[in-house]
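The structure appears below as structure tokens.
The values are calculated or read from the model by the stated rules, or taken from the named source; none is laboratory data. All figures in this text were calculated on a predicted structure; none of them were measured in a lab. Backbone-built Cβ (ideal geometry, glycine too); neighbour counts: all protein chains shown.
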Amino acid sequence: MTLYIAPIVEGQTEDKCIERLLQRIWGELLAAPDRLQVLQSSREKRDKLVHSAGTDLESKVQEAFLKLQYRLRRDSDGRGLLLLLLDAERDCPADLGPRLLQTARSARSDADIACVLAKQMLENWIVGGAFSLAGVNGLPNPLPARNQLEDGNGAAWLRAQLRNVNKRRTYKKTVDAKVFVQAIDLAECRGNCPSFDKLCRDLEARVTLPPGDAASSDDQSPPSSEPPAYPAS
């Protein structure tokens, strides 16, 4: 069985990184038995996607849903997930996330939809899992101590570390983020970054368990239909 994910993203960092990131979480962290296929992202500017009117988000939800429909019509055993992945920036994920999810679901009530907001920015996830990045792609070895993992500016931290090695080096989102996402320690990132843990839990909720593992004889309670909670700011 294949899980098809149609992402909606805001920028180049997410667009370049999302397939590799989702594949790593699915295979390495969750050891999911199903195949995962990430479809081409639907991109829109963040200010349009988070606008209270919701019209641009609804339009992108419809666009992403059509991509899922196209694949699922050719794969009767497949499942689809529409994933909205944005930077929270100055917004609190626990406030903005549910509103965006409600808007997306109002546009396609028949779709499986998840919404994840990286606290501040996606680069904070890279910093959160940077234990394995010493010496990678121009970063210093050893790396200095990190703090304010989700509350800081991950892009600025990466830029500063690269320039500590090479004064002319800068952080290029379209190139460097993809390399770092390939090498970050996923378990460390999950432990350090509640918003990344939210993404992992949303994917984990879509893993198909083997029949013998679906439920133990001691726990016959049905799975919750509620999405994983958003991390507070």
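Values as computed for the structure displayed
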read-out	value
Scope the range 19-76; condition in contact (Cβ under 8 Å) with a residue 60 or more places away in the chain and within 25 Å of residue 191 (Cα to Cα); matching residues	20, 21, 22, 24, 25, 26, 28, 29, 30, 32, 33, 34
Members of the range 78-112 that are of a type in the set (Gly, Ala, Ser) and either touching a residue at least 12 places away in the same chain (Cβ under 8 Å) or within 21 Å of residue 2 (Cβ to Cβ) (or both)	78, 80, 88, 94, 97, 104, 106, 107, 111
Among residues of the range 149-208, those that are polar (S, T, N, Q), surrounded by 16 or more Cβ atoms within 10 Å (Cβ to Cβ) and free of Cβ contacts under 8 Å to residues at least 40 places away in the same chain, counted	1
Qualifying residue in the range 88-100 (condition: outside any helix (DSSP H, G or I), surrounded by 22 or more Cβ atoms within 10 Å (Cβ to Cβ) and not polar (S, T, N, Q))	yes
Checking residue 48 against (1) of a type in the set (Lys, Arg); (2) over 13 Å from the mean Cα position of the chain (by Cα); (3) closer than 30 Å to residue 209 by Cβ, the condition it does not meet	(3)
Hits in the range 75-87 (condition: farther than 15 Å from residue 202 by Cβ and either of a type in the set (Gly, Ala, Ser) or buried (at least 17 other Cβ atoms within 10 Å of the Cβ) (or both))	76, 78, 87
Subset of the range 39-74 (residues that are assigned to a loop (DSSP other than H, G, I, E, B) and surrounded by 15 or more Cβ atoms within 10 Å (Cβ to Cβ))	39, 41, 44, 50, 54
Residues of the range 124-150 satisfying the condition of being at pLDDT below 95 and under 23 Å from residue 101 (Cβ atoms)	150
